[in-house]
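The values are calculated or read from the model by the stated rules, or taken from the named source; none is laboratory data. Computed from a predicted model, the values in this text were never measured in an experiment. We place every Cβ from the backbone using ideal geometry, glycine too, and count neighbours over all the protein chains shown. The protein model used for the area step is the full one, side chains on, heavy atoms only, and it has no ligands, DNA or RNA in it. Shrake-Rupley method; radii C 1.70, N 1.55, O 1.52, S 1.80 Å.
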Amino acid sequence: AAPTTSSIYEFEFNPSTACLGVPSVVYGGQTYLTVGIGNQCWMKENLNTGIRIDGTLDQANDSIIEKYCYNDIPAFCDFLGGLYQWDEMMQYLTEEGTQGICPDGWHIPTDDEWKILEGTADSYYGVGDPVWNNNGGRGYDAGKNLKTTSGWNANGNGTDKYGFSL
């Protein structure tokens, strides 16, 4: 999630740097670390908020945030974060950049914010390159540079160049 307020920070890049002024966010009794990439502030962890429901059920448009856990195993939510259907994550709003299930002051990233993240992380296609307007796979190595160095199947590990630990 990206911040909704004007908390975009300029600073010298350091892969272990949290967002200046926002090293972590406490939400729903859990603490989430942040990471600054380029001039954007991102949560470095998936949200794990809401009530777990069985994966065979649909999440409902009500006042309760509902989540799934991978393979319906609650421990996976603690390790990987919750899983949400798009409408639930957006809290049934369609406006791009809405807060959705995010903490106050944060929002679901817009496509333009993702493009900036991708262009910052990619070693070949920079911010503003038309490649970021493509659908499907795009860019050269942004994903690899954002992924953790371990834990991915089939040798799909990344370099974690930005400390995002995706």
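Some values worked out for this structure:
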| quantity | calculated |
| --- | --- |
| Any hit, the stretch 126-142, residues being under 15 Å from the mean Cα position of the chain (by Cα) and either touching a residue at least 12 places away in the same chain (Cβ under 8 Å) or open to solvent by less than 30 Å² (accessible area, probe 1.4 Å) (or both) | yes |
| Matching residues, the stretch 88-133, being of a type in the set (Ser, Thr, Tyr) and within 30 Å of Ile53 (Cα to Cα) | Tyr92, Thr94, Thr98, Thr110 |
| Qualifying residue in the stretch 23-43 (condition: under 26 Å from Val127 (Cα atoms), assigned to a loop (DSSP other than H, G, I, E, B), touching a residue at least 24 places away in the same chain (Cβ under 8 Å) and open to solvent by less than 70 Å² (accessible area, probe 1.4 Å)) | yes |
| Hits in the stretch 53-92 - residues which are open to solvent by 70 Å² or more (accessible area, probe 1.4 Å) and among the acidic types (Asp, Glu) | Asp58, Asp78, Asp87 |
